[in-house]
Amino acid sequence: MIHSLKFVKLSILCLFVLALTTTCSDSKQDQDKRTVFNYNEMAGVSTLDPASANNTEVIWPVNQLYNGLVQLDDSLKLTPCIAKNWTVSDDGLTYIFTLRDDVYFHDNQCFENGKGRKVTAKDFVISFNRLYDARVSSAVSLLANIDRTEKTGYKGFMASNDSTFIVYLKEPFSAFLDVLTMKYFSVIPYEAVDFYGQDFRRNPVGTGPFKFKLWEEGTKLVLLKNENYFEFDGKNRLPYLDAVTISFVKDRETAFMELLNGKYDMLSGADAFNINEVLDKNGNLKSAYAEKFVMQKQTFLKTDYLGILIDENIDIVKKSPLKVKALRKAINYGFDRVKLVQYFRNNVGYPAVAGFIPNGLPSYNEKVVKGYTYNPEKVRQLLIEAGYPDGKNLPEITLHTTDNYLEQTEFIQSQLADNNISVKISVDKPVVLRQAVASCEYNFFKKSWVGDYADEESFMSLFYSKNFAPIGSNYTHYKNPEFDVLFEKVIREQNREVKNILYQQMDQMLIDDAPIVPLYYDQVIRLVQKNIKDFTTNPMNLLNLKKVKKELKND
């Protein structure tokens, strides 16, 4: 009996182990069939609250988690999202959006029984009003044209019923719908904000194609497929991927090795890998890497430039030779942009031979807006005009930059020196440079500007006199009454052809007054594994993963 009992116990144990092994095996097989898109974000992610989505590293995951009224396709065409259609009043002051009735928030414990509820127009009223709180929102300045006066009952936004959302403007603004594509204007449920409080930043609840699963800050972020997402690709419900994971490896060499090893499906940005190692001087993948990856290159709405503070009411400008326009123009003529892009960016980007508005926006036309090219003779003439013939008695000028752009600025420094303009380079930490420029502490600095939305107004607003830093983003304190008149005219103009003409006139004014030194118009560049399909790019460099497919590799 004793032996029989031992045998029975042993048999039961064997069956249990066999069952457990089979279950684990099945689970692993299921896991192997799941399609997970993996990418690295060197800069890290500080928040998942769309109200604070003011940089690319935050915008990318937020775009997977949330939706707004409208969205852009890859050609920057405005298309419906939660709003299935809209109308604009004849005076351009009232926008009426009709919402879809099949959009639901992600399931979350903040809701009754943990079940996500339907989105209504009231949710947009609450979400948009929340943007007025500067403690959580980076979008306060974008709301300046919302009419919350007695005329509208002190309500800039209104829900006339569950499916109708109304916005009132003080003045017509032709780029308003483009502004609404920004992630700030995503819809969020008030229940989540009330439930999580200040911790909502790391407990996002949206309507997007992916839902939040896990965030170990500085280590990884995991998003799972939203099985109830409202958008379809033909007959197929989106998204196709089962999950998205984001790593936060800061060292680009380590991240590139992970790409080579197949851990990452994509690396994005010229700073994310050693372009001299990966690309040839024509900007193409070297053969060893062309066998492994697909390289995506796309026009990017981003202009890199040198800014010059020109407000003579500021002491550092009074004492600076850069207050002289002829000298600023001499600097613009004093170096070769083509060589800068070719040798220091491996032809990633386009030399900025037109204005500040980048290649990729409708008004861009280098035949109409005449920028600067390398011309030593022009430099010589302009130095004479500025009162510094052959650079005589010209004080050394300090250019502030960061480590990432040191080689580029050293090239500019060298070429300017050849043309009798002496420049000293000061290397700052990015946060120090950013703060100093915003506070008007630096006279000459390296900056870049990425379009917040697909309209030239985003670029021209940097030079509108009512946007002086530190309150606004006019870091150069450029002030030109003629420019201001055109700016105020173009933001009311609905006709695209007329807008193009006005923007080109404004851009030429900037070139002629030279408060900036345009360097290059950037490009989106990504290295992508070959088993990733239907992964598109766009000039906004917005990461869209809802239509991406991942083919599983055979062992």
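Would you check which residues across the range 59-83 are in a helix (DSSP H, G or I) and either closer than 15 Å to residue 131 by Cβ or among the hydroxyl-bearing types (Ser, Thr, Tyr) (or both) and list them?
At the first step, the residues of the range 59-83 found to be in a helix (DSSP H, G or I) are 59-65.
Correct list: 62 only.
Table: residues versus (1) more than 21 Å from the chain's Cα centre (by Cα); (2) surrounded by 20 or more Cβ atoms within 10 Å (Cβ to Cβ).
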| position | (1), (2) |
| --- | --- |
| 503 | yes, yes |
| 509 | yes, no |
| 514 | yes, yes |
| 518 | no, yes |
| 523 | no, yes |
| 536 | no, no |
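How many residues are within 30 Å of residue 474 (Cβ to Cβ), at pLDDT below 95 and of a type in the set (Lys, Arg) when one looks only at the range 149-191?
Final tally of qualifying residues: 1.
Which residues, counting only those in the range 427-449, are in contact (Cβ under 8 Å) with a residue 60 or more places away in the chain and buried (at least 17 other Cβ atoms within 10 Å of the Cβ)?
Step one: list which residues in the range 427-449 are in contact (Cβ under 8 Å) with a residue 60 or more places away in the chain, which gives 437, 440-449.
Scanning the range 427-449 gives 437, 440, 442, 443, 444, 445, 446, 447, 449.
Restricting attention to the range 113-151, which residues are farther than 21 Å from residue 93 by Cβ, in contact with a strand residue (DSSP E or B) (Cβ under 8 Å, 6 or more places away or on another chain) and not in a strand (DSSP E or B)?
Selection gives 116, 117, 119, 120, 122.
Tell me, please, whether a residue that is touching a residue at least 60 places away in the same chain (Cβ under 8 Å) and under 25 Å from residue 46 (Cβ atoms) can be found in the range 156-171.
No, every residue in the range 156-171 fails to be touching a residue at least 60 places away in the same chain (Cβ under 8 Å) and under 25 Å from residue 46 (Cβ atoms).
With 332, 359 as the choices, which residue is within 20 Å of the chain's Cα centre (by Cα) and within 28 Å of residue 505 (Cβ to Cβ)? Step through it out loud before you land on a result.
Values: 332 fails: within 20 Å of the chain's Cα centre (by Cα).
Of 332, 359, the one residue that is within 20 Å of the chain's Cα centre (by Cα) and within 28 Å of residue 505 (Cβ to Cβ) is 359.
Looking at the range 503-523, can you tell me whether even one residue there is modelled with pLDDT of 95 or more, within 30 Å of residue 211 (Cα to Cα), in contact with a Phe, Trp or Tyr (Cβ under 9 Å, 6 or more places away or on another chain) and of a type in the set (D, E, K, R)?
No, every residue in the range 503-523 fails to be modelled with pLDDT of 95 or more, within 30 Å of residue 211 (Cα to Cα), in contact with a Phe, Trp or Tyr (Cβ under 9 Å, 6 or more places away or on another chain) and of a type in the set (D, E, K, R).
Restricting the search to the range 487-499, which residues are surrounded by 19 or more Cβ atoms within 10 Å (Cβ to Cβ) and closer than 25 Å to residue 307 by Cα?
Answer for the range 487-499, where residues must be surrounded by 19 or more Cβ atoms within 10 Å (Cβ to Cβ) and closer than 25 Å to residue 307 by Cα: 487, 490, 491.
I'm checking my understanding of the structure. Among residues of the range 148-205 that are more than 21 Å from the chain's Cα centre (by Cα) and of a type in the set (A, V, I, L, M), which one is surrounded by the most Cβ atoms within 10 Å (Cβ to Cβ)?
Taking the candidates together, the pick is 205.
Got a sec? Which of 63, 108 is assigned by TED's automatic domain parsing to the domain that holds residue 209 and over 22 Å from residue 177 (Cα atoms)? Even if it seems obvious, please write down each step before you answer.
Numbers: 63 fails: over 22 Å from residue 177 (Cα atoms).
Checking each option against the conditions leaves just 108.
Of all residues in the range 520-539, which are part of a loop (DSSP other than H, G, I, E, B) and under 19 Å from residue 305 (Cβ atoms)?
Result: 539, single match.
Just to be sure I understand, how many residues within the range 152-192 are farther than 27 Å from residue 73 by Cβ, of a type outside the set (S, T, N, Q), out of contact with any helix residue (DSSP H, G or I) (no Cβ under 7 Å at 6 or more places or on another chain) and assigned to a helix (DSSP H, G or I)?
Residues flagged as farther than 27 Å from residue 73 by Cβ, of a type outside the set (S, T, N, Q), out of contact with any helix residue (DSSP H, G or I) (no Cβ under 7 Å at 6 or more places or on another chain) and assigned to a helix (DSSP H, G or I) within the range 152-192 amount to 1.
Scan the range 173-218 residue by residue and report those that are over 14 Å from residue 47 (Cα atoms) and of a type in the set (S, T, N, Q).
The answer is 174, 181, 186, 207.
Hey, does the range 405-425 have a residue that's β-branched (Val, Ile, Thr) and farther than 18 Å from residue 516 by Cα?
Pass one, the range 405-425, residues β-branched (Val, Ile, Thr): 409, 412, 421, 423, 425.
Those still in the list that are farther than 18 Å from residue 516 by Cα too: none.
For the range 405-425, residues β-branched (Val, Ile, Thr) and farther than 18 Å from residue 516 by Cα: absent.
Out of everything in the range 206-218 that is at pLDDT 95 or above and surrounded by fewer than 16 Cβ atoms within 10 Å (Cβ to Cβ), what residue ends up being farthest from residue 67 (Cα to Cα)?
Selected residue: 216.
Restricting attention to the range 96-146, and to residues there that are aromatic (Phe, Trp, Tyr) and out of contact with any Phe, Trp or Tyr (no Cβ under 6 Å at 6 or more places or on another chain), which single residue is surrounded by the most Cβ atoms within 10 Å (Cβ to Cβ)? It would help to see each step written out before you state the result.
Step one: filter the range 96-146 for residues aromatic (Phe, Trp, Tyr), giving 97, 104-105, 111, 124, 128, 132.
Of the ones still in play, those that are also out of contact with any Phe, Trp or Tyr (no Cβ under 6 Å at 6 or more places or on another chain) are 104-105, 111, 132.
Values: 104: 16, 105: 23, 111: 18, 132: 14.
My answer is 105.
Out of 263, 297, which single residue is farther than 21 Å from residue 247 by Cα and either of a type in the set (S, T, N, Q) or surrounded by fewer than 19 Cβ atoms within 10 Å (Cβ to Cβ) (or both)? Walk me through it before giving the result.
Details: 263 fails: farther than 21 Å from residue 247 by Cα.
Step by step, each of 263, 297 is checked, and only 297 is farther than 21 Å from residue 247 by Cα and either of a type in the set (S, T, N, Q) or surrounded by fewer than 19 Cβ atoms within 10 Å (Cβ to Cβ) (or both).
Please work out which one of (1) assigned to a strand (DSSP E or B); (2) in contact with a Ser or Thr (Cβ under 6 Å, 6 or more places away or on another chain) is the condition residue 305 fails and give its number.
Of (1) assigned to a strand (DSSP E or B); (2) in contact with a Ser or Thr (Cβ under 6 Å, 6 or more places away or on another chain), only one is false for residue 305: (2).
Residue check, residue 377 against (1) under 30 Å from residue 295 (Cα atoms); (2) in a helix (DSSP H, G or I), all met but one. Which one?
(1)
Conditions tested, residue by residue: (1) surrounded by fewer than 16 Cβ atoms within 10 Å (Cβ to Cβ); (2) under 30 Å from residue 274 (Cβ atoms).
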site: 348; (1), (2): no, yes
site: 355; (1), (2): no, no
site: 374; (1), (2): no, yes
site: 389; (1), (2): yes, no
site: 411; (1), (2): no, yes
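Suppose the filter is in contact with a helix residue (DSSP H, G or I) (Cβ under 9 Å, 6 or more places away or on another chain), among the aliphatic types (A, V, I, L, M) and in contact (Cβ under 8 Å) with a residue 24 or more places away in the chain; does residue 421 pass it?
So residue 421 passes the test.
When residue 311 is evaluated against the numbered criteria (1) farther than 30 Å from residue 526 by Cβ; (2) assigned to a helix (DSSP H, G or I); (3) in contact (Cβ under 8 Å) with a residue 40 or more places away in the chain, which criterion, by number, is the only one it fails?
The failed condition is (2).
The values are calculated or read from the model by the stated rules, or taken from the named source; none is laboratory data. On a predicted model such as this, the values are computed, not experimentally measured, just so you know. Cβ: placed from backbone, ideal geometry, glycine included. Neighbour counts: every protein chain shown.
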